[in-house]
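K.L.:
Pasting in a structure now, in C-alpha cells, and then I'll have a few things to ask.
The values are calculated or read from the model by the stated rules, or taken from the named source; none is laboratory data. Everything numeric here is computed off the predicted structure, so don't read it as measured data. Cβ: placed from backbone, ideal geometry, glycine included. Neighbour counts: every protein chain shown.
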Amino acid sequence: MDKWGIDKFIAETEKRLAFPLLRVSSEECEPRNVVDRAGHTGVHPQSQQGLHYIGVSVPVGRLPVSQMRAVADIAEEFGSGALRLTVWQNLILPNIPAERIDLAVECLHAAGLESTAGGVLRGTVACTGNRGCRYAATDTKAHAVELANLLDARFKIDQPVNLHVTGCPHSCAQHYVGDIGLLGTKIKGKEGYQVVVGGGSDQDQGLAREIIPSVAYSDLPPMLESLFAAYVEQRSPDESFLEFSRRHSIPELQSFLAVKEPVSQ
C-alpha cells in the first residue's frame, strides 16, 4: 500500500474481481458526525424519540459471570434485551425508555457496575497480557487499571484520555493510536514498557511518537504523574491531552517526565 498508493491498489484489486467496484463521489456522501470520545459511557439519548442508552464502564473488559448475568437481566427488564460491545472494552445497554433510566442505573450500581468513570479509565484499553497470552511480556490489564486509577485520583481530567496498553509488538491494543501508548517489554528480567504519546484516530488520526524507549513498570507511575502535572499546569483552556502532547517536541515532553538521560527519538 505504501509503495503503490490507494489508486493503484484499487486498480490491481479490480483486475482480480469478477465485477467492477462502484464509485460514489465524496460530495454525494453525508459527512460523518464528529466522534464523541466520551459517548461510550454515561446516559445518552438515542435518535428514537423517548429512548436512551447507557454506556457501562467495564475497566479493560473484565466482567465476572455474576455481573454479566446482572447486565443481561437489566437489558431484558429495562431495554430490548440487546447488549452492545465497544472498542473501549465497555458495554452499551440500548433502547431504555427515559422514565426507566434512573432505576436501570440503580440496578447497575447494585451489581457493582458504573455508568461513569474517570477521564483516563473510561478511555483505557488493554490486551490480554501475560496472564492469558504467551506473546505478552507484561500484565497489561492490571497495569492499565492501576495507572488509570492513579491518574484519575491525582488529577481532574475533563476530557477523555485514551491509554492503550499492549503486551507485545502484535499490538492488539493498538498502542500507536493512543493518547498514551505502552508497549510491553522485558528490562533485565523485569516487566517494562516503551512509551509513546500523541496517537489518534478518526478526526484526530496520527501515529504516536516515542518518548521513552524502555522503562521498568515500577518506575513508570511517577513519570506519568509528572507528565500529567505539566499538562494540568500548562495547558491552554479546553486543551485536550492529545493537543497538548502534539504541540510539544520530544525533548520538551521528556523534560516533563523528568527523564535524566537522553533517549532516542
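K.L.:
For segment 205-230, what are the residues that are touching a residue at least 40 places away in the same chain (Cβ under 8 Å) and of a type outside the set (Val, Ile, Thr)?
P.N.:
Here is the first cut: in segment 205-230, the residues touching a residue at least 40 places away in the same chain (Cβ under 8 Å) are 206, 209-213, 217, 220-221, 224-225, 228-229.
Residues satisfying the conditions are 206, 209, 210, 213, 217, 220, 221, 224, 225, 228, 229.
K.L.:
Further question on the same structure: Can residue 57 be described as assigned by TED's automatic domain parsing to the domain that holds residue 77, polar (S, T, N, Q) and in contact with a Leu (Cβ under 8 Å, 6 or more places away or on another chain)? Before the answer, list the steps.
P.N.:
On the way: assigned by TED's automatic domain parsing to the domain that holds residue 77: yes; polar (S, T, N, Q): yes; in contact with a Leu (Cβ under 8 Å, 6 or more places away or on another chain): yes.
Judged against the criteria, residue 57 is a match.
K.L.:
Within segment 60-91, count every residue that is outside any strand (DSSP E or B) and in contact with a strand residue (DSSP E or B) (Cβ under 7 Å, 6 or more places away or on another chain). Before the answer, list the steps.
P.N.:
Quick first cut of segment 60-91, residues outside any strand (DSSP E or B) only: 60-83, 86-90.
Subsequent filtering for residues that are in contact with a strand residue (DSSP E or B) (Cβ under 7 Å, 6 or more places away or on another chain) retains 60, 71, 74-75, 78-80, 82-83, 86, 88-90.
Final tally of qualifying residues: 13.
K.L.:
Considering only segment 61-91, state which residues are aliphatic (A, V, I, L, M), out of contact with any Cys (no Cβ under 9 Å at 6 or more places or on another chain) and surrounded by fewer than 19 Cβ atoms within 10 Å (Cβ to Cβ). Walk me through how you get there before you give the answer.
P.N.:
To start, the set of residues in segment 61-91 that are aliphatic (A, V, I, L, M) comprises 63, 65, 68, 70-72, 74-75, 82-83, 85, 87, 91.
The next check asks that each one be out of contact with any Cys (no Cβ under 9 Å at 6 or more places or on another chain); those that pass are 63, 65, 68, 71-72, 75, 82-83, 85, 87, 91.
Across segment 61-91, the qualifying residues are 63, 65, 68, 72, 82, 83, 85, 87.
K.L.:
Moving on to the next point. I need the full set of residues from segment 52-70 which are in contact with a Gly (Cβ under 7 Å, 6 or more places away or on another chain) and under 20 Å from residue 164 (Cβ atoms), in order please. Steps first, please.
P.N.:
From segment 52-70, those in contact with a Gly (Cβ under 7 Å, 6 or more places away or on another chain) are 55, 67; that's our starting set.
Matches in segment 52-70: 55 only.
K.L.:
State whether the residues of segment 31-45 include one that is in contact with a strand residue (DSSP E or B) (Cβ under 6 Å, 6 or more places away or on another chain), in contact (Cβ under 8 Å) with a residue 24 or more places away in the chain, of a type in the set (A, V, I, L, M) and within 25 Å of residue 177 (Cβ to Cβ).
P.N.:
Taking every residue of segment 31-45 in turn, none turns out to be in contact with a strand residue (DSSP E or B) (Cβ under 6 Å, 6 or more places away or on another chain), in contact (Cβ under 8 Å) with a residue 24 or more places away in the chain, of a type in the set (A, V, I, L, M) and within 25 Å of residue 177 (Cβ to Cβ).
K.L.:
Hey, could you check segment 41-59 for residues that are part of a loop (DSSP other than H, G, I, E, B) and crowded, with 17+ Cβ neighbours inside 10 Å and say which is modelled with the highest pLDDT?
P.N.:
Applying the first criterion (part of a loop (DSSP other than H, G, I, E, B)) to segment 41-59 yields 41, 46-50, 58.
With the extra rule that they be crowded, with 17+ Cβ neighbours inside 10 Å, the set shrinks to 41, 58.
Values: 41: 92, 58: 95.
Here the answer is 58.
K.L.:
Hey, residue 134 hits all of (1) under 30 Å from residue 241 (Cα atoms); (2) more than 18 Å from the chain's Cα centre (by Cα); (3) not small (Gly, Ala, Ser) but one; which does it fall short on?
P.N.:
Result: residue 134 fails condition (1) only.
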